[in-house]
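The values are calculated or read from the model by the stated rules, or taken from the named source; none is laboratory data. Quick caveat: nothing in here was measured; it's all calculated off a predicted structure. Cβ: placed from backbone, ideal geometry, glycine included. Neighbour counts: every protein chain shown. Just so you know, the surface numbers come from the protein's heavy atoms only, side chains and all, with ligands and any DNA or RNA stripped out. Shrake-Rupley method; radii C 1.70, N 1.55, O 1.52, S 1.80 Å.
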Amino acid sequence: SATLICTGSRERVPNRRIPIQLTGDAEAVLVGRSERCQIRFATDNTVSSVHCKFLFASGRVVVEDCSVNGTYVGNKRIGKGNSKTLQHGDEVSLLKPAGGDERPPYAFILELSEHQPGGGGREAAAATAASKAATGSVANG
């Protein structure tokens, strides 16, 4: 299992945690405006009906971009119809920030259950993401 930690600038509850249960290759967690999405941003038209989806494939968490508006892992755009295998601490965002130090409006840090020893997972995931962002390694690979 995995948890998405919500870190976007429009997040009403900072560091809100969304557990995602992906137990089979056919399952997906949809993110977008549509009522069929498990993670919904119903009132923001910049978010697509189904903006992206999180899948479980070959034992890994994968994000697939379903939007022309853009889904990013770190600062790298995935591209509609493309997918990216995620690592613990990767940040997925649903739109590109305007620039500078501005946070993306909707963003999630992936926390994998095997990296949650003793309940310190959120801090570890946030520290990993911050480290990757500082070194630029989120955009690589």
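Some observations on this one:
- Out of 34, 67, 48, sole residue that is of a type outside the set (Asp, Glu), touching a residue at least 24 places away in the same chain (Cβ under 8 Å) and part of a loop (DSSP other than H, G, I, E, B): 67
- With respect to being polar (S, T, N, Q) and out of contact with any helix residue (DSSP H, G or I) (no Cβ under 8 Å at 6 or more places or on another chain), residue 69 fits the description.
- Flag if residue 11 is within 14 Å of the chain's Cα centre (by Cα) and open to solvent by 30 Å² or more (accessible area, probe 1.4 Å): yes
- Verdict on residue 1 being within 13 Å of the chain's Cα centre (by Cα) and open to solvent by 40 Å² or more (accessible area, probe 1.4 Å): no
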